[in-house]
Ligand SMILES: Nc1ncnc2c1ncn2[C@@H]1O[C@H](COP(=O)(O)OP(=O)(O)OP(=O)(O)O)[C@@H](O)[C@H]1O
Ligand SMILES: [Mg+2]
């Protein structure tokens, strides 16, 4: 079959333009798939390795204070392999160069040196020297955000006194991959950091010379976590435990796992969508391309070439661009996946792990692309070889025109003659028109969905920082305080308004499901913190009962009207039954809200509040910050503007690269599809166009006819693309639904406008290229050699 | 006359176009013999091409039967027809139908590659007087030259029968003669049975037998006393 191979080579050169466009589409689809999909196992694996190497604990517990004997009792619980008592203490920090007050979580390092569990991994500097009780390690994210390192000092109010501690090292830890101040949803590494401190200093600050206020446990392999947790709770019940919990409820772990889960959307759902679209486009494009060679197929058949021989020839033609696409797409995909992995490593602060090329993923991508292309070519070849050769070879039959719907509607009367030709041409080959429209619709949809994450993140930002968090500053007291504490806050400089809040640590139970969380109690009349659902509707705290985030209600299996069992984890520590009054479909978190008065009733602690929300005069901010730094009664300070900056820096940035990659490739794919559509339409028409030119039509008129049809198909494609784009976003949104985050289904008009602009741009670019081809169209040659 | 090559009985072909049925062939009985030259004449639309396509295994009749030697062509199936065309038939069409991406030699080689005992492509091109144009692409040749390449392509595989549908239809007289000479030469030197459709009655003089068609039927068959060399023909 040397001649057929030669024909193949020449055809490839002759069709260089459209095939190159196909190759670009294939390369983009493959690269995108490889990039995103490679991320899938990578994060989970890195997490597991990290946990193992740095002995991330299995069970955690915080309590008021427990004697050493209690810790020993916990260690004897069956199934517990290692039980490490620790001191954990939060305090307001004065960080050099930082106007705002920060909050530090001081975690004890045993006198013996390295902790047994949750081992900090020192990245810069060293561990504190034995006996040097003011030497500390600080977390890397905090260090970098504040440009701190060994040699710097921090001040904190510990035990009522200003203490200076000296940074000797910077570390990361599996326990604090994600460093979150209690109750916050996004990390703000400037204003919150972990500080590993020799036990001696914290013992003095907490007055716990021998006991502990926290423990970390490692379980025997296979030990039943639930039983151990119950046993730990029994042992520690007299010591004000907040309840032991496993990794599943560990804040950092949960966030990371949720993120990894959400990453699945990026790593599985998105590439599946994009490759699926690419596959379809390859299919359409190649079937059209092969269909233009109908007459040659018939001729080969007349000579006695078998269907298999002819089929193979065209399948090879289809494989050429896919192979070229794979040659480019796979290495680009690997490169990008490495870059993305490095980015994640930086964002999550895992110890550096490199991502190895995953040939399985690459093979799958190429296989899918090739299969789609082959199927497209096969459909066209089948259609061509099915035709009796006599028919295929007959000089192009005059097309059959019939009076269509449009004629009957007499719409055409309104159109100019050339427009009529356009409409009839389009309607004449409905299948071809459907294929072209579908291609453009999918390219459009892909453009829309590629920007979806942008709009979703924008919406989350808007909801959280404009509608939900309206206070400028929130403060948390070390101990629940009487309402009178508000008066002191009101007198601080720059404070315009103060609203109380109460956070009650609880376990919510319904049937066999239990969730450790906190009831967030707000005054019914309050306005600084709102409960806002995904549709931006504001919900009031109910006078009676709880309002739950819809997701939390789903997890617990309750609906408004049902009752929940609530174990209070502080104060009276009693267990109460409370009704679920309402649910709100919040985008973020899994929260339980209550009215402040109602919370006081169920806790039995009238008047107690645990913190406050402040509205602040921006001109007096720095003055207020200075004062807040010196409040030993405060254990937490949240600053909205800083949190917003933190959100933008971390969350938004971490997604940016992925989004950027998707956007770039979908643009390339859109261009490929539009160009190809125009190009194939032209070759389908070459003979007809030449005849028109012979009849005396000008180049301009001929061009108008070709483009008129393309404009019509493109507009139709965009119209369907709007629906298809929305549908793809809905799929992505549904796939990204986790316990802590819902990806809101928002598709702003700008996304559609953007997609339309890209398609229009691609169309114009192709139009220019096509115009050139039409100018150069050799009439004589076209008529001479036929199709 | 040699042994029977084609044996056709009761051939019909009906095209359905919506409600209208076009009867392209309405009962054709025909025997063609090995080594003879047959010219088919008839008005446009009388069913000439249809008959030729059926003989060549390009199309299937609606009714009747056709034998090629002892092969039954009707209902033979795609694979069998493909093998039949590959091994026994050479086609020449009115619209030369060369592959635009292959040169003259390559267009011929395309077919000789799948033939059993072909002649070298260059020899075939010399036979049609195109020894100088071996490496030209179809778009670089005149219509007559393209048609001669098509003939070289058809004879190079040494087929048992050459089926030519208006091979000179698009050519001037002089070029037409050259083309016909090439066909006659194949018949003479290789013993190939030659069937030529034409609108040009003069060409009938090169035939052993002349077949006239009308309305899908064979109106008459004449036998020429002596066939003439195409070079002697003029129109
Ligand atoms: N694919 C088709 N569909 C419908 N009718 C057809 C088709 N092919 C041929 N016909 C009809 O069959 C009849 C015979 O056609 P055929 O091509 O055999 O004629 P012909 O004798 O070769 O004419 P010409 O000299 O013009 O080539 C004609 O009436 C033609 O319209
Ligand atoms: Mg004909």
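Please treat every number below as a calculation from the coordinates, not as lab data. Keep in mind the model is a prediction, meaning the values are calculated, not measured. Cβ sites come from the backbone with ideal geometry, for glycine too, and all protein chains shown count toward neighbours.
What is the angle, in °, between the Cα long axis of helix A:2-14 and the longest principal axis of the Cα atoms in chain A? Nearest 10 is fine, range 0 to 90.
Value to nearest ten degrees: 70.
Find the percent of Cα-Cα distances in segment B:44-124 that exceed 19 Å, and round it to a whole number.
48 percent
Where the centroid of each part is defined by its Cα atoms, how far is segment B:13-79 from segment A:129-171 in Å?
When both Cα centres are located, 98 Å separates them.
If you fit an axis through the alpha-carbon atoms of helix A:307-348 and take the longest principal axis of the Cα set of chain A, what angle between them do you get, 0 to 90°, nearest 10?
20 degrees
Only bridges with both residues in the protein assembly as shown count here: give the DSSP antiparallel percent, nearest 5.
70 percent
Taking chain B as the region of interest, what is the percent of Cα-Cα pairs per 5 angstrom bin, listed from the shortest bin to the one with the maximum distance?
1, 7, 14, 19, 20, 17, 12, 7, 2, 0, 0
Let me know the mean shielding of B:131-144 by other chains, meaning the per-residue number of their Cβ atoms within 10 Å of its Cβ.
Across B:131-144, the average partner-chain Cβ count within 10 Å equals 1.
Need one value for A:291-301: mean number of C-beta atoms belonging to other chains within 10 Å of its residues' C-beta atoms.
What the average comes to for A:291-301 is 3.
How far apart, in nm, are two points set 7 Å out from the Cα along the Cα-to-Cβ line at residue A:585 and at residue A:525?
Placing both labels 7 Å beyond Cα along the Cβ direction yields 3.3 nm.
Between residue B:232 and residue B:12, what is the label-to-label distance in nm when each label sits 7 Å out along the Cα-to-Cβ direction?
Taking the two extended label points, one gets 4.3 nm.
If you stretched the chain out fully between residue A:727 and residue A:711, how much longer would it get, using 0.36 nm times the residue separation minus the C-alpha to C-alpha distance?
Details: separation 16, 0.36 × 16 = 5.76 nm, distance 2.42 nm.
Result for the pair: 3.3 nm of gain on full extension.
If I take R0 = 35 Å and measure r between the Cβ atoms of residue B:71 and residue B:44 in this structure, what FRET efficiency does the formula 1/(1 + (r/R0)^6) give, to the nearest 0.05?
After rounding to 0.05, the efficiency reads 0.65.
More than 26 Å apart: what percent of Cα pairs in segment A:495-616 qualify?
15 percent
Using only alpha-carbon positions, what ratio does the radius of gyration of segment A:71-184 give when scaled by 2.2 N^0.38 Å?
Here the Cα radius of gyration is 1.13 times the empirical estimate.
With r defined as the distance between the Cβ atoms of residue A:753 and residue A:308 and R0 fixed at 41 Å, what FRET efficiency is calculated, to the nearest 0.05?
With R0 = 41 Å, the Cβ-Cβ based efficiency is 0.25.
Can you give the Kirkwood hydrodynamic radius of segment A:59-252 from its Cα pairs, in Å with one decimal? Intermediate results must be reported in sequence, preceding the final value.
Values: mean 1/r = 0.0587 Å⁻¹.
The answer is 17.0 Å.
If each residue's Cβ is checked for other Cβ atoms within 10 Å, how do B:199, A:539 rank with the fewest at the top?
B:199, A:539
Please give the contour-minus-distance gain from residue A:99 to residue A:386: 0.36 nm per residue of separation, less the Cα-Cα distance, rounded to one decimal in nm.
Full extension of this stretch gives 95.4 nm more.
By DSSP, what percent of the beta bridges with both residues in segment A:59-252 are antiparallel, rounded to the nearest 5?
75 percent
Once both labels are modelled 7 Å past Cα along the beta-carbon direction, what's the residue A:486-residue A:82 spacing in nm?
4.7 nm
If packing is taken as the mean number of other Cβ atoms within 10 Å per residue, what is the order of A:118-128, B:151-161, highest first?
Working: A:118-128: 17.8, B:151-161: 25.3.
For the peptides A:118-128, B:151-161, the packing ranking is B:151-161, A:118-128.
Could you state the orientation-averaged shadow area of the convex hull built on the Cα atoms of the protein assembly as shown, in nm² to one decimal?
Mean projected area of the Cα convex hull: 52.9 nm².
Please compute, for the alpha-carbon atoms of segment A:421-548, the extent along each of the three principal axes and give them in descending order in Å.
Result for segment A:421-548: principal-axis Cα extents of 83, 47, 24 Å.
Using only Cα atoms and rounding to the nearest 10 degrees, what angle (0 to 90) does helix A:417-428 make with the longest principal axis of chain A?
Its long axis makes an angle of about 70 degrees.
Mean residue ellipticity at 222 nm from the helices of the protein assembly as shown, using -39,500 (n - 2.57) per DSSP H segment of n ≥ 4 over the full residue count, to the nearest 500 deg cm²/dmol?
-15000 deg cm²/dmol
Please arrange A:741, A:665 by counting, for each residue, the other beta carbons lying within 10 Å of its beta carbon, fewest first.
Details: A:741 22, A:665 29.
Ranked by crowding around the Cβ, least crowded first: A:741, A:665.
Hey, can you rank A:593-599, B:19-25 by average C-beta count inside 10 Å, highest first?
Packing proxy ranking, top to bottom: A:593-599, B:19-25.
When the chain is fully extended, how far beyond the present Cα-Cα distance does residue A:111 get from residue A:513, taking 0.36 nm per residue of separation?
Working: separation 402, 0.36 × 402 = 144.72 nm, distance 3.96 nm.
Full-extension gain reported as 140.8 nm.
How high is the FRET efficiency from residue A:69 to residue A:572, r the C-beta distance, R0 35 Å, rounded to 0.05?
For residue A:69 and residue A:572, the calculated efficiency is 0.90.
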